[in-house]
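Everything below concerns the one structure shown next.
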Amino acid sequence: MPGKLKVKIVAGRHLPVMDRASDLTDAFVEVKFGNTTFKTDVYLKSLNPQWNSEWFKFEVDDEDLQDEPLQITVLDHDTYSANDAIGKVYIDIDPLLYSEAATVISGWFPIYDTIHGIRGEINVVVKVDLFNDLNRFRQSSCGVKFFCTTSIPKCYRAVIIHGFVEELVVNEDPEYQWIDRIRTPRASNEARQRLISLMSGELQRKIGLKVLEMRGNAVVGYLQCFDLEGESGLVVRAIGTACTLDKLSSPAAFLPACNSPSKEMKEIPFNEDPNPNTHSSGPSTPLKNQTYSFSPSKSYSRQSSSSDTDLSLTPKTGMGSGSAGKEGGPFKALLRQQTQSALEQREFPFFTLTAFPPGFLVHVGGVVSARSVKLLDRIHNPAFVGIMGNTRSYKLLDWNSFNSDEPETRDAWWAEIRQEIKSHAKALGCHAVVGYSESTSICEEVCILSASGTAAVLNPRFLQDGTVEGCLEQRLEENLPVGCGFCHIPYDELNMPFPAHLTYCCNCRKQKVPDVLFTTIDLPTDAAVIGKGCLIQARLCRLKKKAQAEANATAISNLLPFMEYEVHTQLMNKLKLKGMNALFGLRIQITVGENMLMGLASATGVYLAALPTPGGIQIAGKTPNDGSYEQHISHMQKKINDTIAKNKELYEINPPEVSEEIIGSPIPEPRQRSRLLRSQSESSDEVTELDLSHGKKDAFVLEIDDTDAMEDVHSLLTDVPPPSGFYSCNTEIMPGINNWTSEIQMFTSVRVIRLSSLNLTNQALNKNFNDLCENLLKSLYFKLRSMIPCCLCHVNFTVSLPEDELIQVTVTAVAITFDKNQALQTTKTHVEKSLQRASTDNEELLQFPLELCSDSLPSHPFPPAKEHLESASSNSGIPAAQRATSVDYSSFADRCSSWIELIKLKAQTIRRGSIKTTVTVEKASPMGEGNFRNRSAPPCASSTVGVVKMTPLSFIPGAKITKYLGIINMFFIRETTSLREEGGVSGFLHAFIAEVFAMVRAHVAALGGNAVVSYIMKQCVFMENPNKNQAQCLINVSGDAVVFVRESELEVVSTQQPTANCQPSCPGGEVTT
Amino acid sequence: MTSELDIFVGNTTLIDEDVYRLWLDGYSVSDAVSLRVRSGILEQTGATAAVLQSDTMDHYRTFHMLERLLHAPPKLLHQLIFQIPPSRQALLIERYYAFDEAFVREVLGKKLSKGTKKDLDDISTKTGITLKSCRRQFDNFKRVFKVVEEMRGSLVDNIQQHFLLSDRLARDYAAIVFFASNRFETGKKKLQYLSFGDFAFCAELMIQNWTLGAVDSQVDDMDVDLDKEFLQDLKELKMLVADKDLLDLHKSLVCTALRGKLGVFSEMEANFKNLSRGLVNVAAKLTHNKDVRDLFVDLVEKFVEPCRSDHWPLNDVRLFLNQYSASVHSLDGFRHQALWDRYMGTLRGCLLRLYHD
C-alpha cells in the first residue's frame, strides 16, 4: 500500500444559479480518484456553500498516484431529476510525490465546465502520505523531478547530465469513438480531457522509470506534446534530458563572492569525478555521488529501430587529420575522441537543453534538422483492418487490445528521424545535438514530423561515462578563450562536410570560425556580443494542389526542400540586412494545410565578436542594357545599403576595426553560408542531402531576373524595426540588455485571417502572411507601449491552418522592462569589455567573477558586474532617476489602494473564506516581511487573490527562485453552441485563454507558488462553425510552478556581509569593467 | 484578407484608461477609434489605424467581460479570471460608478423605476450624454439603491462595503439613494441653479440629523427613511409664528442682537415675520409626504428667493440664521428647544449651502 491520498472539500463560492425558482443552488461535490468516489453532503440553497467535509481517504498504488488525476465534480442536487453538473476540477497530484516540492495542495480552484467555462470556485485541500517502496520491479517513478525549463534549474546544480529520454503513448481519441455519436458534447470533452490527463501521467511515469534506470533523479527540458491524429488516434509524446541534480543549499549562493576567486574555482560543482577508474583527478573530492559512481552504460532507449540503420555518412573524428596547427588542436582532437567515446554509447546523444553550465558547450557546429512526411492511415495494423473489414467498425471492440502495438509505429518514425539528426551531427564533426526539439504538423491523414537541434561538441566532464584526465582538462581550460570557444569549428577544416568560408576567430585569432553561425540554443552567457540582438523571421507560403493520401504526401515532400531553401535564404538575407552574423534560438516551423504549406522561421540575430563582419547585399539585374532598369537597381541597392547602415546604428553594432593582415587571408573556398544540413524523406528509405549553398556564385548577390525576385527584395525591406524603446528576441535573454527591472507581462495573442480570393498566387499569399505577422507585432508594440523601454523576450510564433482559407497565428511572449540609463552604461562597458578581451591576453582576471557567478547559479541572466553596480549604487545612495520615479509610483499605488484595502478588511469580516486565501498567499510568498525600501512595497501583496506571475523564461527578473514546486501540465477543451452570444470567435477565445491563465494561476497558488516559469502554450487548436453558431478550442499549456523572492527583499538579509566582503577587491562602481 | 479573430490576453489584464473612459462614455468602437485618432495617438506612437482598431476592440471586449464583475465589485476582488493589481481594480470600480453631473441632476429624487428608464432617451438628448452611458449610470443608481435600501447600518458604510467605492463617491451615492427614496423634487425650474453637490451636502446633513439612524442605530432603513416621529413633532414649532407674542419677542431678540452688524438690517427687520413664518411652516408641513418632496422648492421659495431679491450677502444670511436659531433658546414660553435645534441645525446648514446664485 504505497500511498494514501487525502482530500478535503472546504467550501465553494460564486457558484452559478442552478435553480431558477429560488435563484440559488443545492450543491454537493463528488471526489473521484481511480475507481473510488466519495460525496459530500448537499449544502442547500446557497451560492457560497460551506461543506467543510471530512477527509476523504484513497488508498492507492503509487503507480496510480502518478497516472491518475484527482477529479472533483461539483453538482446541483435535484430531487426529481438527474443531478446537474456545475463543473469539474482536475488536480494533478504529481507535485506532492517529490520530497522537496509541495507538501500540500490547498486553495481556491476555478470550477470548469467545457461548455460554460469557469463557474465559481471551490476550496480544496489535498495531501499525500507516501510510504517507501523497496520493490525493485516497481512500475512507478515517484520522486523523479520534472522541469520544463530548458536549462539547469536555478536552485540546483547538475552533477551529471545523462542525456536523452523519450517516450510516447497512443490511444484512441474519444472524440472519434462510436459512443461520441450518442453522448453529449460535454461528456465527450470530459472524456477527452480525462484521457489526456491519464496519458500524460502515464507518460511522465514511464519517462521517470527510464531516468531511474539511468540513475538520474530529474528530467530537465521536459517537452510533452499531443498529436491529434483524428481517426487514427491520439498520441502523447515527450522528450527530455535526464540529469542528476543536487539542490543548492545556500540561499545567498547567487551573490558572487568575488574576494576569493581562486578558492571558489575549486568548488565549481563539476569537479566530482563519477568514474572511479580514472587516474588522479586533481584536487577534486568525490564526495556525495557514491551512489552514481559505478555506471555500466545502459541502453535505455528503444533499440528496435536503431543501430543497424547507420547512415552512410562517415563520422569525421578529429584524430589524425593533421590539420590542427595551433596548440589547441591536439587537445581538441583528444577531447573530441573522449567525448565521442562518452557519447557513442548512447543511441541518441541529444539534449533538450538550450542553456548550459559554463564549460559544457565546447564547440557548436550548426543547425541540424530532419523532416519526414508520413501517412497516418498506414498506422492501422493491417491485420485487424483485414479482420474487421472497415475502419469504422473496429471501434466497437475494446480498442485497447490492439492499440497496444501502435506506439511501435510512431516510435519507429521518430527513431528514423533521430537517426538522421545524429548522422547530420556526425557529418559536422559533432557527437552531440543540443537544443533538440521535435514537432509535428497534421492535416487530414498527412503528418510532417520534424526534428531539429544544434550539432555540438560537449565537455565530457558533465556526462556520466566520460573519462578525462585532470591535467588535460586543466590545459584545455587555459586554451579555450572565453566568449569565442563555442564558435570555433568542430569539423576538420580540410575535410569539411560542406564548402564553407572560414576565417581566424576575431577574438582569439587562434582558431577558425565560420562566417555565420545558426543555432537552436540560447546565446551562451559568456559569449562576446557586440550591440543588441533582434528578432528575425522568415515567412513563406507555398500553394499546393489538394490531393488525397499518397499523392498528397508526395506533393508535400516535393515542396519541402524548396521551402527549406527559401526560408534559409530569407533568414540569411535578413541577417545580412541587420548587419549581424549569427542566429540563436532558430525554430523553423512547417505547417501543412489542405491547399498550402506555410513556413515560419524565428530566431534572434546577434553580432558575435568572434565571427567576421558580414558582407553587404549586392543586387544584380539580368538585363544590364536597360538604362532605367539600371537606375532602378541602383536605387534598390542604395536602399539596402541605407537599411544596413541604419540597422547597425539601431542595434549598436560597431565592431572594432580589424585590419586584414591580423585576421589573415581567408581560406580560398567558395563562399557559402549554410550550416543548415537538412534532409527530408517520405518514408525515410533514402536520405536526400540538400545543399543549401548558392552554388558557385557569390551568395550575397541577389539576382533580380523576374518580378518574383523583385517582390522578395521588397519584402526584405518592408520589415519595419520595432518602435524606439522596444527590442524583441525569441531567446531567453536579449543580448546586450542585462539590467532588467522587475515589471513583466506575459501574453498570448491569437489572430486568424481569412484569405479572400480563391485563386491565390504564391506572392499574394506571401504578402498576406507577411502582413499578418508584421501587423501582429505592430499591435503588440502598441499595446505594450506603456512598458517602454522594454524587450519582448521568448517571442514564440505558432502557425496553423485550421481550414482551407484560414491562417491562424498564435504568439506567446513576455515583455520585460529594463532600465534605460543603466542599459547604456552596460552596453558601453560591454563593448569595452569585449574590446579589452580582443586586445589583451589577460583574460583570466576578467573571467573569474563571471564564471563564479554563473557557477553558483547556472546561466544567471545578469552578469555579476551589474549586480555589483546595483548594490553599490543603492548602498552609496546614488539614486538613479528611475528609482525616484518608481518610489513615486508605488506611493501612488499605495494611496490608490489604501482605501480599498480598508474596505476589504471590513468586507472580510462578513465574508468567510476569503481570509483563508490571504493566509495561504502570505505563507506562500515570504515577502512583505522586510520591506526596508520604499520601492519594494508591492502594491499587490494585500490583494485577496495572490498574484501569480507567468513567464516563458526560466527566470524572473529581479527575483530569485527559491523552490520548484513541480510541473504544470494542463489540457483544456472549451466548446460553445452559442458563439454569437459569447461575443463571436474573438469573445469566445479571449474568454477561454483568460480562463486557462486563471486555472494555471490557481493551481500554482494552491501549490504554494507565486510564479510559473518556462510557461509554454504548446497547442491552441481552434475550430469554428459560424453557421451552426458553434466553436471548439483545445489548449495545452505547461510550465514549472515556483516560489520566488524579490532580490530587494533578499538583500535585506544577505547583502550586508557579502558586499562588505566585496569591498576590498572591487571597490565602488568600477566593478563593471 | 479579413481578420476573423484577433485577441490579446495578458497574464496581467491590460487596462487603458483612455479607452476605458471612452467605453464608459458609451462610444461605439468606431467612434472611439476616430476619437483616439483625433487625440494624435497615431503620431505619438507611429501606429496605424488598423492597429488602433484592433486595440480598441480588444479593450472593449475586456471591459465587456469585466462589466459583469463590476456590478458586484467584491466579486472583482475575489475572481480569478482577470489578474488586475488592486490600484487598477480600484480605478475600474471608481470610474465605473462615477457619474455625470448633468445626468445626476436629471434623475436626482426621481423614482428609480422602469418608467424613468424610458425617459433616459430624453435625458440623453438633453444632456448630450450617450444613451449607453445614461443607462450605465442609471443602472448603477438603481443597483446601489436596491442593495442598500433595506439594510441595517450606516448608508455610507453599506455602500462602501458592497461597492468598494471611495469615501467621496460613497457619500454621493448615499445622497442619491436618500433622495430617490424620499423622492425630493429637484427638477423644478427654480431649483435649476442648484448643483448636485448642493443637494448631496443637504442630504448628508439630513441623514445625520433627521433620519431614524440619528436616534437609533439598530433599525432597518435607518439612514434612508426620515424619522416620522420627528416630522410629526415639528408641528409643535408652529407656535413660534402662531403665537403673536412669541413672534414679536423672537423678532426683537434677533434685531437687538444684529443691529449694526447686518448690511441689510432694515430689509431683515421688514421681512422677519415673513421669513420666520416661511421656515416654521415648512417644518410644520413635513408630516405630509407630498410636502416632504417639495422641501427644497419651499426652502428656495420661502427663504432663498426673498433674501436674494433683497441682495443679502451670504455672511448676513449666516449671521441672521445663527441668531435666528439661537434666540429661540431665550424664549421662555417655548418648550421644544431640542426639537428646534434638531430642525434648525440641519436647516441652517442646508440654507447656507443653497444660498447662492
Within region B:35-48, restricting to residues that are within 12 Å of chain A (Cβ to nearest Cβ) and modelled with pLDDT under 90, the one that is surrounded by the fewest Cβ atoms within 10 Å (Cβ to Cβ) is B:44
Checked region A:106-123 for anything more than 24 Å from residue A:993 (Cβ to Cβ) and away from chain B (no Cβ under 13 Å); matches are A:106
Residue A:34 passes all but one of the listed conditions (1) at negative phi; (2) more than 14 Å from chain B (Cβ to nearest Cβ); the exception is number (1)
Picking from A:550, A:564, the residue that is touching a strand residue (DSSP E or B) at 6+ places or on another chain (Cβ under 6 Å) and either surrounded by 24 or more Cβ atoms within 10 Å (Cβ to Cβ) or not in a loop (DSSP other than H, G, I, E, B) (or both) would be A:564
Take the conditions assigned to a loop (DSSP other than H, G, I, E, B), in contact with a Ser or Thr (Cβ under 8 Å, 6 or more places away or on another chain) and surrounded by 16 or more Cβ atoms within 10 Å (Cβ to Cβ) and apply them to residue B:241. Does it pass? no
The number of residues in region A:47-86 that are more than 30 Å from residue A:196 (Cα to Cα) and in a strand (DSSP E or B) is 1
task: Might you check whether a residue that is of a type outside the set (Phe, Trp, Tyr), more than 10 Å from chain A (Cβ to nearest Cβ) and farther than 27 Å from residue A:724 by Cβ occurs anywhere in region B:3-20?
output: no
- Message: Kindly evaluate residue B:68 against the criterion of being within 13 Å of chain A (Cβ to nearest Cβ), in a helix (DSSP H, G or I), of a type outside the set (Val, Ile, Thr) and within 25 Å of residue A:16 (Cα to Cα).
- Response: yes
When every residue in region A:732-784 that is modelled with pLDDT under 90, closer than 28 Å to residue B:83 by Cβ and in a loop (DSSP other than H, G, I, E, B) is compared, the one farthest from the other protein chains (Cβ to nearest Cβ) is A:738
The lone condition residue A:536 fails out of (1) crowded, with 24+ Cβ neighbours inside 10 Å; (2) in a helix (DSSP H, G or I) is (2)
Screening B:223, B:198 for residues that are of a type outside the set (A, V, I, L, M, F, W, C), touching a residue at least 24 places away in the same chain (Cβ under 8 Å), closer than 28 Å to residue B:95 by Cβ and touching a Ser or Thr at 6+ places or on another chain (Cβ under 7 Å) leaves only B:223
Among B:188, B:261, B:235, the single one that is under 20 Å from the mean Cα position of the chain (by Cα), within 27 Å of residue B:272 (Cβ to Cβ), more than 14 Å from every other protein chain (Cβ to nearest Cβ) and not β-branched (Val, Ile, Thr) is B:188
Selection from region B:143-156 of residues over 21 Å from residue B:201 (Cα atoms), outside any helix (DSSP H, G or I) and within 14 Å of another protein chain (Cβ to nearest Cβ) yields B:151, B:152
Of the residues in region A:959-979 that are surrounded by fewer than 24 Cβ atoms within 10 Å (Cβ to Cβ) and within 14 Å of another protein chain (Cβ to nearest Cβ), the one that is modelled with the lowest pLDDT is A:979
Output for Cβ contacts, cut-off 9 Å, separation at least six or different chains, first residue facing another protein chain (nearest Cβ under 8 Å) and touching a residue at least 12 places away in the same chain (Cβ under 8 Å) in region A:982-1005, second charged (D, E, K, R) and part of a loop (DSSP other than H, G, I, E, B), reads A:991/A:982
Open item on the list: So, residue B:282, is that one among the β-branched types (Val, Ile, Thr), in contact with an Asp or Glu (Cβ under 8 Å, 6 or more places away or on another chain) and within 23 Å of residue B:246 (Cα to Cα) or not?
Closed with: yes
Of the residues in region B:21-34, those that are under 29 Å from residue B:86 (Cβ atoms) and either within 14 Å of chain A (Cβ to nearest Cβ) or assigned to a helix (DSSP H, G or I) (or both) come to B:21, B:22, B:23, B:24, B:29, B:32
Over region A:422-445, the set of residues under 21 Å from residue A:1018 (Cβ atoms) and more than 19 Å from the chain's Cα centre (by Cα) is A:442, A:443
Of the residues in region A:568-620, those that are surrounded by fewer than 22 Cβ atoms within 10 Å (Cβ to Cβ) and under 22 Å from the mean Cα position of the chain (by Cα) come to A:587, A:589, A:591, A:600
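Is it fair to say residue B:81 is under 24 Å from the mean Cα position of the chain (by Cα) and at the interface with another protein chain (Cβ under 9 Å from one of its Cβ atoms)?
The answer is no for residue B:81.
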Report task. Inspect all residues belonging to region B:208-225 and state whether any of them is surrounded by fewer than 19 Cβ atoms within 10 Å (Cβ to Cβ), modelled with pLDDT of 85 or more and of a type in the set (Ser, Thr, Tyr). Result -> no
Original post:
Residues in region B:335-346: is at least one assigned to a loop (DSSP other than H, G, I, E, B) and modelled with pLDDT under 90?
Top reply: yes
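Yes or no, residue by residue, for (1) of a type in the set (Asp, Glu); (2) within 14 Å of chain A (Cβ to nearest Cβ); (3) under 16 Å from the mean Cα position of the chain (by Cα):
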residue: B:125; (1), (2), (3): no, no, no
residue: B:130; (1), (2), (3): no, no, no
residue: B:136; (1), (2), (3): no, no, no
residue: B:141; (1), (2), (3): no, no, yes
residue: B:158; (1), (2), (3): no, yes, no
residue: B:164; (1), (2), (3): no, yes, no
Every listed condition ((1) aliphatic (A, V, I, L, M); (2) over 30 Å from residue A:363 (Cα atoms); (3) in contact with a Leu (Cβ under 7 Å, 6 or more places away or on another chain)) holds for residue A:601 save (2)
> Would you call residue A:728 surrounded by fewer than 20 Cβ atoms within 10 Å (Cβ to Cβ), among the polar types (S, T, N, Q), in contact with a strand residue (DSSP E or B) (Cβ under 8 Å, 6 or more places away or on another chain) and farther than 17 Å from residue B:4 by Cα?
Replying inline: no
| task | Determine whether region A:440-455 contains at least one residue that is modelled with pLDDT of 70 or more, surrounded by fewer than 24 Cβ atoms within 10 Å (Cβ to Cβ), among the acidic types (Asp, Glu) and not in a loop (DSSP other than H, G, I, E, B). | result | no
Of those in region B:84-123 that are among the acidic types (Asp, Glu) and away from chain A (no Cβ under 14 Å), the residue surrounded by the most Cβ atoms within 10 Å (Cβ to Cβ) is B:106
Whether any residue in region A:966-977 is among the hydrophobic types (A, V, I, L, M, F, W, C) and part of a helix (DSSP H, G or I) is what I want to check. no
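The values are calculated or read from the model by the stated rules, or taken from the named source; none is laboratory data. What you are looking at is a predicted structure, and each value in this text was computed from that prediction instead of being measured. Glycine also receives a Cβ, built like all others from the backbone with ideal geometry; neighbour counts cover every protein chain displayed.
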